[in-house]
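All remarks here apply to the structure that follows.
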Amino acid sequence: MGEWRSTLNRNWPYMITATLISVFLWVAVSADTVEQRSIDTEVVFIMGDPGYVLTEQEPSVQLVSVDFIGGAGDLARLAASRPQIFVSVDSVESLVHEVLLQPDMVRDRDGRELGEAGRNLDVRAVAVRPSEFRLHFQPRGRKVVRVVARVNVTLANGYMIADSPRVEPSAVAIEGPESLVEGIDSVVTGPVQGERLRQTIDVEVPLERPVPDGLVQLSSPSVRVTVPVEPRLERAFPGIPLSVRGAASGSRVEPSLVDVRISGPTSAVEAVRPEVLSPRVELSGPADYGVALPIVLPAPGPYMTITLDPDSARVVRAGGTN
């Protein structure tokens, strides 16, 4: 036993070296072993006819299985780099087109043939599965549609949205299969979000694709949305004259004056002048005389509300009779 331990102590470096050499020789021999292996390969269809869009392929797979023959090491490197098959459709002659994938169509990720100089890969493609594809095309359509902002904000107390959201650009071009493009009238932005806002928000937001499969392309991926926010202001306009429509000459309205209160965005409310306020009552026939009729006063601008006191009046015929 002692001699065995002594021999091991003296010769262990040589034994480890011999083991490493054996492993290296086994790997080298294995790498040179010629074998057949199936590798998932990406299929890329390249449209060269601008008048048409590829809408569907059968089967709908993105990867095919390609059988390769070559050295084990080269096959391993090829699998790691994920080869591709490129199919160029230069001219669409029919809305349905049959394609047959051939082994010699396989390329590396840079589009080069596998046997080109500098590749140092001794491999050869021998079969493709599935090899038959059916391509469906549609004429390409294009039009300009409006952009609709999707606003999801909350406002601080005493603040309000002062005007419709502004979108820049307000319209974009869409392009894709004619049947899809014809059915699209607008595109929507991603949500414009904010909490307890006290000032105008101005943000760049992406546009949502009008169809989820990506067949319809947008001329711009995003737009700028401005949501005007202002403090709320309320103003009183007492004693505004009340007019009558549809009454006989000499008729009078009771009361003849009305108090108007306007609430809305500060800038808009401050711009209101009393002379633009024209409250009125409207008679539709003789039966309306002496009846309490609603007072009509359209808001002088968007995002404004009006309160009237009183909110109704009576029309009296000339001479005081109903």
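The values are calculated or read from the model by the stated rules, or taken from the named source; none is laboratory data. Everything quoted here is computed from the prediction, not taken from an experiment. Positions of Cβ are backbone-derived with ideal geometry, glycine not excepted, and every protein chain shown enters the neighbour counts. With ligands, DNA and RNA removed, areas are computed over all heavy atoms of the protein, side chains included. Shrake-Rupley method; radii C 1.70, N 1.55, O 1.52, S 1.80 Å.
Does Val269 qualify as being part of a strand (DSSP E or B) and buried (at least 17 other Cβ atoms within 10 Å of the Cβ)? No, not satisfied. Candidates Val43, Val61: the one that is open to solvent by less than 40 Å² (accessible area, probe 1.4 Å), modelled with pLDDT of 90 or more and of a type outside the set (Gly, Ala, Ser) is Val43. In the stretch 146-159, the residues that are closer than 17 Å to Val187 by Cβ and of a type in the set (A, V, I, L, M, F, W, C) reach residues that are exposed (fewer than 12 other Cβ atoms within 10 Å of the Cβ) and modelled with pLDDT of 95 or more with C-beta atoms within less than 7 angstrom, at least six apart or across chains, in these pairs: Val147/Ser170. Annotation: of all residues in the stretch 125-138 being out of contact with any helix residue (DSSP H, G or I) (no Cβ under 8 Å at 6 or more places or on another chain) and farther than 11 Å from Val64 by Cβ, the one that is most open to solvent (accessible area, probe 1.4 Å) is Arg134.
Among the residues of the stretch 278-288, the ones that are farther than 15 Å from Ser256 by Cα and either part of a helix (DSSP H, G or I) or not small (Gly, Ala, Ser) (or both) come to 4 in all. For the stretch 290-313, the set of residues classified as without any contact (Cβ under 8 Å) to a residue 40 or more places away in the chain and more than 18 Å from Val258 (Cβ to Cβ) consists of Gly290, Gly301, listed by residue number.
Per-residue answers, yes or no, for (1) of a type outside the set (A, V, I, L, M, F, W, C); (2) more than 27 Å from the chain's Cα centre (by Cα):
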position	(1), (2)
Thr55	yes, no
Ser65	yes, yes
Asp74	yes, yes
Phe86	no, yes
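You will find that of Ala149, Ala125, Ala173, the residue that is among the hydrophobic types (A, V, I, L, M, F, W, C), in contact with a Phe, Trp or Tyr (Cβ under 7 Å, 6 or more places away or on another chain) and in a strand (DSSP E or B) is Ala125 and no other. With the structure loaded, tell me whether Val227 is among the aliphatic types (A, V, I, L, M), over 30 Å from Asp49 (Cβ atoms) and within 25 Å of the chain's Cα centre (by Cα) or whether it fails that test. Against the criterion (among the aliphatic types (A, V, I, L, M), over 30 Å from Asp49 (Cβ atoms) and within 25 Å of the chain's Cα centre (by Cα)), Val227 qualifies. Scan the stretch 272-286 for residues that are of a type in the set (Ser, Thr, Tyr) and open to solvent by 70 Å² or more (accessible area, probe 1.4 Å) and report the count. Within the stretch 272-286, residues that are of a type in the set (Ser, Thr, Tyr) and open to solvent by 70 Å² or more (accessible area, probe 1.4 Å) number 1.
Does Tyr159 fit the bill of being open to solvent by 50 Å² or more (accessible area, probe 1.4 Å), under 29 Å from the mean Cα position of the chain (by Cα) and either over 30 Å from Ile174 (Cα atoms) or of a type in the set (Phe, Trp, Tyr) (or both)? No, not satisfied. Only residues that are open to solvent by 40 Å² or more (accessible area, probe 1.4 Å), farther than 30 Å from Val316 by Cα and of a type outside the set (A, V, I, L, M) were counted across the stretch 213-248, and they come to 10.
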